[in-house]
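Data block below; observations after.
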Amino acid sequence: MEQLTVSVSPHFSGKRTTKNIMLDVIIALLPALIASFIIFGWRSLLVAGVCSASCVLAEFFFEKLCKKTITISDLSAVVTGILLAFNLPVTIPLWQAVLGSVTAIIVVKQLFGGIGQNFANPAITARIMMLIAFSDTMTKWQFPQNSVDAISGATPLAAAAKGLENLPSYISLFLGNHGGCIGETCSLALILGGIYLLIRKVITWHIPAAFIGTVAFMSLVCGKDPLYQILSGGLMLGAFFMATDYATSPSTKWGKIIFGIGCGLVTILIRFWGSLPEGVSYSILLMNILTPYISKLTRQKPLGAGGGAKS
Amino acid sequence: MKLHGIKIPHLKNTADTVPIHIPVPKTVTIPMSMHIGKPAEILVKRGDNVKVGQLIGKADGNISAHIHSSVSGTVQKIDQMIASNGAKITCAVIDTDGKQELSETIKPPPVNDFDSFISAVKESGAVGLGGAGFPSFAKLNVNDLSKIQAVVINAAECEPYITSDTRTMLDKTQYISKGISAIKKYMNVKKFIIGIETNKPAAIAKMRELAKNDNSIEVMVLPSMYPQGGEKVLVFNTMKKIIPKGRLPIDVGAVVINITTLAFIGEYLETGIPLIEKCITIDGSAVKEPKNVIAPIGTHIKDLIESAGGLKYEPAKIIYGGPMMGIAVPSMNEPVLKNTNAVIFMDKKEAQLPETTACINCGACLSHCPFMLDPRSIALAYKIGNAEELQKLCVDMCMECGCCSYVCPANRPLVQTNKLAKIKLREYLNSKKGV
C-alpha cells in the first residue's frame with residue numbers, strides 16, 4: 001500500500017523564496033556595479049568581489065563553528081557584501097574591506113541570530129564601524145578615472161557644504177561622474193535597480209518615496225537645492241537598497257512611511273547642521289533602532305476587530 | 001478599501017467536462033457526521049436492507065443533519081472511522097445490490113410557508129456544500145427575517161482545480177432558479193447577489209441569463225483573487241459590509257449560501273430526493289483524465305479514481321477540496337462526503353513543499369492577510385506562549401485561508417501555527433472563565 005502524506009493545508013506554496021528575493025536584489029544592484037566599473041575602473045569590481053566572498057566565507061565558518069545550518073545558499077551574505085562594497089571608497093585597502101565584511105556578518109548579523117534577526121543593517125553598521133576605525137582611508141575619495149583633474153578631493157556634498165564653487169552639474173550627479181563611494185554615485189543605475197525591485201515587488205514604494213521626498217522637501221524648506229541634495233551622497237543607494245532591508249525596517253505601510261520620513265529628517269539634520277557632510281548611513285542606523293517601536297505603533301488593525309463585537 | 005488576497009494558479013482544467021455518473025460501487029461507507037455539529041444518530045443495524053434516499057441517520061439537535069443512504073443494498077456492518085479532525089465517528093458500511101431502488105418515502109416535500117420550508121431543508125440533509133458543511137436549515141432558520149438585506153450566493157469557487165460549482169451553474173441552472181424563488185417566497189428576501197470570479201466566463205453568462213428576467217438577482221463578477229469565496233471576504237466584496245469579529249453574516253444583513261447548496265435545495269423541492277450524490281472534481285498531477293463525476297456519497301476514493309481512467313503516477317498526497325484549504329486523507333479507502341467537492345491526487349513532485357527556512361521579516365504574510373492579521377507576530381506570541389498577546393492579535397479571527405503560508409518566502413508554517421494558536425487562546429479564555 002502506498003504511503004500518503006497527510007499534512008495540514010495549504011498544500012500549495014508560492015514561487016517566492018528567500019533565495020530568489022536575494023537574487024532579485026543582486027540583479028537590481030548590477031546596473032550600479034557596472035556603472036562603478038565604468039566610473040572607477042576594475043578595482044571597484046575587485047572590492048565588491050572581495051567583500052562578497054568574505055561575507056559568504058564569514059557566514060559559512062561562523063555557522064560551521066556554531067553547528068548551525070549553513071545558510072550561504074540563500075545569497076543574503078552576497079547582498080550584504082555588495083552593499084558594503086558600494087559604501088566604500090574604491091581605494092580602500094582590501095584587508096580593511098575584509099574586516100568590514102566579517103564585522104557585518106558575524107557581529108551585526110550572526111551574533112543576533114542570523115538572517116531576519118539582526119536589528120541593524122549589517123552593511124551600514126559595518127560601514128560606520130569602518131568610518132570610525134579607518135577614518136583616513138574611508139574618506140579618501142578618488143575622482144573618476146577618466147576625469148581630467150584626477151585629484152583627491154571632496155565629494156559633491158562635501159564640496160557643497162564647504163561652499164566650494166565649481167559644483168558638479170545635475171547631469172554629472174545623475175550619471176555618477178564624480179567622487180564618492182563605489183556604488184553610490186550613479187543615481188541613474190540605482191534608480192533603475194530600484195524600479196526593478198518595485199516591479200518585482202521585492203520592496204514597496206513607501207520607504208524610498210518617504211525618504212527621498214523628505215530630503216527634497218526639507219532641502220527646499222532650508223533653502224538648499226533639493227535636486228542637488230537628492231542626487232548626491234548615498235541617498236539613492238540608501239533609500240532603495242539599505243533602508244528597505246526587511247529585517248531592520250517596519251513591515252506595515254504606515255510604519256514604512258514613518259521610517260522613511262525619519263531617515264530623511266536625520267539625513268537633513270546631519271547634512272545641514274552636523275559636522276559630517278553626509279548622514280544617510282547614520283540616519284538608517286538610527287531608524288533601525290527605532291524600528292521595533294514604529295512597528296508596535298503602526299500595527300495594522302484586523303478587519304472588523306473591536307467594531308461592534310461584544311467583549 | 002480593498003481586501004488583500006493572493007493570485008494563485010487557477011488550474012480549472014475540468015470546467016468543460018460534463019459530469020458523468022460513476023458506476024455504482026460495490027460498497028459504500030456513510031459516516032454519521034459529514035457536517036459541523038453533532039453527529040446524526042444511526043437508525044440502521046447490520047443486515048438491514050436499505051434503499052436509495054432512505055433515512056439512515058437522524059439529525060441530533062439544532063446543529064446537525066440527516067443522513068440518507070446513497071445506494072440500495074444491505075448494511076454489511078456498523079463501523080467506527082476516524083474523521084479528519086481526529087474524532088471517532090460511527091459509519092454504516094453498505095454492500096450495494098446495484099439496483100439503486102428508490103425508497104418509497106421519496107416525494108416532493110409539502111412547502112407552503114417559512115416553517116415548512118425550513119423543515120423541508122432539514123429533511124433534505126442539506127449542508128454547506130462549498131466545503132464547510134454547516135447544516136443548511138440551521139443557517140436559513142433566521143429568527144428575524146426582516147434582518148435579511150440580501151442573500152449572497154457564493155459561486156466564487158476560488159480554490160485551484162475545483163469546478164464542481166461551475167458545473168452546477170452550467171448544468172443545474174433551473175434548480176438554482178427554483179432555489180432562489182423558494183427563498184424569495186418563504187423567506188421574503190428581495191435581493192440576491194451571485195458572486196462569481198472572472199475566470200468562469202461560461203458560468204457568468206449563464207447566471208446573467210438567469211438574472212435577466214428577475215431584477216432581484218444581481219450577478220457580481222469579482223476578481224479572481226483568492227480567497228474570494230471566504231464568507232467574510234465575499235460579504236465585504238459584494239455588500240461592502242464588514243462582519244465584526246465574532247459575529248455572523250446575518251448581523252450585517254447577509255445570508256451566504258453556496259451555489260451548489262442552493263441548487264440542491266431547489267432540486268430537492270422538486271424531486272424530494274435527499275442529498276445522496278455529489279458532483280466531484282477529480283484532478284491533480286497524478287490523475288490520468290481529470291474530469292467531473294457524480295458519485296454516491298460514501299464512495300471510496302479507489303472506486304472514484306477508476307472512473308477517471310485511474311492514476312498516471314502513484315499519488316503522494318490526496319486532498320478533499322482544494323489545495324489551499326483542503327484536507328489530506330490518509331488512504332484510498334476513505335469515503336467521499338457530502339461536502340467533498342473535489343478530490344485532488346498529487347504526485348510526488350506536486351506534493352513536495354519547499355523547505356522551511358528562517359523568517360526574514362519581509363512582511364508578506366501581513367500584507368496578504370485578507371483580515372489584516374499579523375501571522376509573524378502571532379507565531380512569535382505562540383512560541384513564547386503569550387495567550388494575552390494572541391488575544392490582542394485577534395488570532396481567533398483567522399479563517400485559515402492559507403494566504404500567509406502561501407506567500408511566505410521562507411515557507412514557514414504560518415497558518416498551521418495560527419491553528420495551534422487558536423486552540424491555545426481558547427484554552428486560555430476557558431481557564432479565565434473558570435477563575
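Bear in mind these aren't lab numbers, they're just calculated from the coordinates by the rules spelled out. As the structure is a prediction and not an experimental result, all values here were calculated from the model. Note: ideal-geometry Cβ built from the backbone for every residue, glycine included; neighbour counts use all protein chains shown.
Here are a few things to note about the model shown:
- Directionally averaged projected area (convex hull, Cα atoms, the stretch A:9-72), nm²: 6.1 nm²
- Partners for B:K291 among lysines (Cα-Cα distance below 17 Å; same-chain residues under 8 apart left out): B:K12, B:K200, B:K278, B:K302, B:K312
- Prolate/oblate/rounded call for the stretch B:364-434, Cα gyration tensor, a/c under 1.5 rounded: prolate
- Absence of a disulfide-compatible partner, taken as no other cysteine beta carbon within less than 4.7 angstrom, is noted in chain B for B:C91, B:C158, B:C279, B:C359, B:C362, B:C369, B:C394, B:C398, B:C401, B:C403, B:C408.
- Viscosity 1.567 mPa s, temperature 4 °C, Stokes-Einstein D of the stretch A:195-295 from Kirkwood C-alpha radius, µm²/s: 98 µm²/s
- Principal axis dimensions, largest first and in whole angstrom, of the stretch A:231-284 by Cα: 33, 17, 17
- Under 13 Å from the Cα of A:K19 - aspartates and glutamates, other chains or at least 8 residues apart: A:D74, B:E355
- Beta bridges from DSSP with both residues in the protein assembly as shown: antiparallel share about 65 percent, rounded to the nearest 5.
- Choice from B:K392, B:K178, B:K77 showing the highest fluctuation, given a GNM over chain B with Cα pairs closer than 10 Å: B:K392
- Cα Rg over Rh - chain A, Kirkwood: 1.02
- Helix-only CD estimate at 222 nm, as mean residue ellipticity for the protein assembly as shown, using -39500 (n - 2.57) per DSSP H run (n ≥ 4): -12000 deg cm²/dmol
- Other protein chain C-beta atoms within 10 Å of residue C-beta, averaged over B:362-372: 5.
- Amide H contacts of B:A342 (H built 1.01 Å from N, in plane; Pro and chain starts excluded): B:T281, B:G321 sit under 5 Å, all sequence-distant by 5 or more or on other chains.
- Mean-square fluctuations from a GNM of chain B, with a 10 angstrom spring cutoff on Cα atoms, peak among B:P375, B:P315, B:P244 at B:P244.
- Other protein chain C-beta atoms within 10 Å of residue C-beta, averaged over A:18-24: 3.
- Most mobile listed residue (B:K383, B:K184, B:K302) in chain B, GNM with C-alpha springs under 10 Å: B:K383
- Evaluating 6.51 cos²θ - 1.76 cosθ + 1.60 at θ = phi - 60° for every residue in the stretch B:406-416, the Karplus couplings come out as 5, 7, 4, x, 8, 6, 7, x, 6, 5, 4 Hz, glycine and proline recorded as x.
- Amide H contacts of B:G128 (H built 1.01 Å from N, in plane; Pro and chain starts excluded): B:G133, B:F134, B:S136 sit under 5 Å, all sequence-distant by 5 or more or on other chains.
- Span from the the stretch A:67-104 Cα centroid across to the the stretch B:315-390 one, whole angstrom: 36 Å
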